[in-house]
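Each remark here refers to the structure printed beneath this line.
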Amino acid sequence: MGIWKLLNRILRYVMPYRWLVVATLLLTLLGSVLAQVNAVVLDRAVDAINVLDQQPSMSWASALRILTIISAILLGKEVLAAVVNFFRRYYGERMRIFVNRDLSLQVIKHVLTFRMAFFTSTGNEAGRLQARIDKGVASTSMAVNSFFIDILPLFTSAVLALVLMFMANVFVGLVALAIVPVYFYVTYIQAERMRDGRRGIYEGQQAVSQNILNIIESIPVVKSFNREQIEHDRQQEVQDRLTNLQLSTRKKSYFFTGMKGFLEQIGTVLVIILTAYLVLIDYPGMTIGKIMYHVMLFANVSAPIRQLHRIYDDLNDALIYSEDLFGLMEGTEEVEQTGDYHPEEVTGRFEVKDVDFTYPNGVKALHDVSMVIEPGKITALVGMSGAGKSTVVNLLDKFYHPDSGEICFDGVPIDQWDTQWLRDHIGLVMQKNHIFDGTIEENILYGNPKATHEDVVRAAKQAFLYDQVMQLPEGFNSSALRLSGGQQQRVAIARLFIKDPAVIILDEPTASLDAIATEQIKASIDAIKKGRTVIIISHNLGQIIDADQLYVLEEGRVVQSGKPAEVYQQGGVYKEIFDASARSMNADKIAEVMDN
Ligand code: ADP
């Protein structure tokens, strides 16, 4: 993206605050004029004092008058400048903060509409996506800052000072002007030389924090395997790389700072020599006060340019990272598709016809899958790990779209369904359910924000969670994150009960529960399954046997289907899985123990 395109896109987010921009710019102009006052006053003052000094009998009254005028102007200007600068900074900062807020909100608002495939694609993993958003928002609002708060004031001040120098004397103006391109050139070289270093430092900092995060997340494994030293060495490696890069980048930066300081001094010396020469040869309009005048004006020309490389860096960053940000904020290709079909009554019948499906990373997970899932019945998906069971569920919930084939819900292709409406009628309990940072009540209410406390209590009772919650000192107001894995699973099941959907999908819902809890949950699922569609993925024989219909998957294909007993009679994968489960449970011995 070029700089003008960037400005154009940023402008859309700045437009709502155009009055702040106008106010900032007017104040900037005023500030720039005020910045030249010192030079003008000192020019006049030196000349006036010089004239006074030359007189044979010096008048103290006149001296006092000059000093009073100088003091009044300088102090008055300083008060005015303080007020102007306060409002200029405040309005400028206000605008930057608002734009930053709008960008952050807009990006999240838009990302929330993206389809699931976006979030599972490489480069969009939680940490990386977050870093991309952070960097994008920070660098884009920094660009707003650079344009409206840095560049404009600095340059109006520099241009004004140059104009005054030219007005006083063309030659001095030319000398000052000649320094500017040299300065620009050095700045350009500096930014180019340091660009890789800066990028490397940013990546290095990310690597360091990512590593710290990994250590904290895997601390039980690190400790139990005594791998502290390995982790420390790994951290040392990324830290060393970062440190070396920081040192070399700083070294370069100081070299350029020194060089620019030197250039500035050369400029100042040239201005002094030239002005002094012009004064000595009595060039018209050149008085001793002009030396001071020119030096001060030249400082106003060079000071802004000193900041140039920082602005250059900021704009470069914005050019690099804002493209991605604008893609996240405005791109349409990742937005989830939705139809508009949303009938009042939902029966809950799925029909999957000849579906092939490939994940965004190229893994082909389903081949020619067909199934019919009836309401009022329990349909179990059986198969070994990686067979494609969860993938089927992902497609039913419209998280992904099939490569080919069709899925119908109540006879209508799910593409034509209003996606939110469809999901409103599907309750999904997964193996690992997300528990949000909040109370147990808030987590259960996530299933239906309009529900009352009584509904929460009822759902908790149905999920056999109520008694356990009541034992906690803060009851339903306790933090849900502190619950055990099994209790969190019950929160997820309570969330399902409070949602009360027509279709219930359970992806190994009792995998992390103990036997008693599993039995209780089975009982409550049995209680609510009437009149609903229940789809269950489970390795638990008890849950599979109870199903009305089985689909057995192997390597993404449906290899067997029918009622559990019939499918068992067919032999094949299901019999293998069934027998192995029974053996692993040591069913014979269990029966023996129970008989005795
Ligand atoms: P199951 O639920 O039967 O254990 P899955 O449906 O989870 O199996 O996985 C089927 C295949 O799809 C596996 O090969 C798995 O590695 C792959 N897979 C699952 N989820 C993703 C994903 N988000 N991206 C890419 N491949 C995936």
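The values are calculated or read from the model by the stated rules, or taken from the named source; none is laboratory data. The structure displayed is predicted, hence computed values, not measured ones. No Cβ is skipped: glycine too gets one built from the backbone with ideal geometry, and neighbour counts run over all protein chains shown. Remember, those area values only see protein heavy atoms, side chains included, never the ligands or the DNA or RNA. Shrake-Rupley method; radii C 1.70, N 1.55, O 1.52, S 1.80 Å.
Comparing I493, T533, L247 along the charge dipole axis of the chain, the residue lying farthest to the positive side is L247, per the Cβ-charge model.
Order D548, D588, D424 by their accessible area, 1.4 angstrom probe, all chains in place, largest first. It would help to have the intermediate numbers written out before the result.
On the way: D548 60, D588 125, D424 90 Å².
Greatest to least solvent exposure: D588, D424, D548.
Each principal axis of the Cα cloud of segment 413-556 was evaluated for its coordinate range; sorted largest first, these ranges are 47, 37, 28 Å.
Could you size up the charge dipole of segment 433-500 around its Cα centre, putting +1 on the beta carbon of Lys and Arg and -1 on that of Asp and Glu, and report it in debye to the nearest 20? Write out the running numbers ahead of the final one.
Details: 7 positive and 8 negative charges, 40 e Å.
The calculation lands at about 200 debye.
The length gained on full extension between F155 and A523, counted as 0.36 nm times the residue separation minus their Cα-Cα distance, comes to 125.0 nm. Distance between the modelled labels on E217 and E333, one decimal in nanometres: 2.8 nm (7 Å Cα→Cβ projection). What's the local net charge at A460, with K and R +1, D and E -1, over the other residues with C-beta under 12 Å away? Value of the local net charge: 0. Overall, the chain carries a charge dipole of about 2680 debye about its Cα centre when +1 sits on the Cβ of Lys and Arg and -1 on the Cβ of Asp and Glu, all other atoms neutral. Estimated translational diffusion coefficient (Stokes-Einstein, Kirkwood radius over Cα pairs, 10 °C, 1.306 mPa s) of the chain: 51 µm² per second. Identify, among S404, L472, I378, the residue whose Cα sits farthest towards the positive end of the charge dipole of segment 354-503, taking +1 on the Cβ of Lys and Arg and -1 on the Cβ of Asp and Glu, with the dipole about the Cα centre. The Cα lying farthest towards the positive end belongs to L472.
Assigning unit charges at the beta carbon (Lys, Arg +1; Asp, Glu -1) and nothing else, what dipole magnitude in debye, to the nearest 20, does segment 3-330 show about its Cα centre? Walk me through the numbers before you get to the answer.
Numbers: 32 positive and 26 negative charges, 107 e Å.
So the dipole magnitude of segment 3-330 works out to roughly 520 debye.
Computed extension gain for E555 through Y277, at 0.36 nm per residue and net of the alpha carbon distance, reaches 91.0 nm.
Placing unit charges on the Cβ atoms of the charged side chains and taking the dipole of the chain about its Cα centre, the candidate lying farthest along the positive direction among L103, Y13, L25 is L25.
How much accessible area per residue does the chain have, counting only protein heavy atoms and a probe of 1.4 Å, in square angstrom?
Numbers: 31870 Å² over 596 residues.
Ligands and nucleic acids excluded, the figure is 53 Å² per residue.
Label separation (A207 vs Q416): 5.4 nm, computed from points 7 Å beyond Cα along the C-beta direction.
Could you grab the relative contact order for segment 3-330? Cα pairs under 8 Å, six or more apart, rounded to a whole percent. Over segment 3-330, the number comes to 32 percent.
Rounded, prolate or oblate: which fits segment 333-372, taking a ≥ b ≥ c as square roots of the Cα gyration tensor eigenvalues, rounded meaning a/c under 1.5, else prolate when a/b beats b/c? Verdict is oblate for segment 333-372.
Across all C-alpha atoms in segment 207-296, the radius of gyration and Dmax reach 28.9, 88 Å. Working from label points 7 Å from Cα in the Cα-to-Cβ sense, the E474 to E374 distance is 4.8 nm. With q set to 0.15 Å⁻¹, the log10 of I(q)/I(0) for segment 102-141, from the Debye formula over equal scatterers at the Cα positions, is -0.35.
By Kyte-Doolittle mean hydropathy of at least 1.0 and Cα axial length of at least 15 Å, which whole DSSP H helices of the chain are selected? Kindly include the intermediate steps, with their values, before the conclusion.
Numbers: long enough: 3-14 (16 Å, 0.50); 18-35 (25 Å, 1.93); 37-54 (26 Å, 0.72); 60-111 (75 Å, 0.61); 126-145 (28 Å, -0.04); 152-168 (24 Å, 2.30); 170-217 (68 Å, 0.41); 228-280 (76 Å, -0.10); 289-306 (26 Å, 0.68); 308-330 (31 Å, -0.07); 485-499 (21 Å, -0.05); 515-528 (20 Å, 0.66); 572-584 (18 Å, -0.28).
Length and hydropathy pass: 18-35, 152-168.
If the segment from I108 to R423 were pulled out straight at 0.36 nm per residue, it would be longer than the present Cα-Cα gap by 111.3 nm. Descending by average beta-carbon neighbour count within 10 Å, the peptides 304-313, 187-196 line up as 304-313, 187-196, the highest first. The smallest convex shape that holds all Cα atoms of segment 433-500, its convex hull, gives 69 Å³ per residue. Close amide H pairs (under 5 Å, H built 1.01 Å from N) link T358 with A365, D403, residues at least 5 positions away or on another chain.
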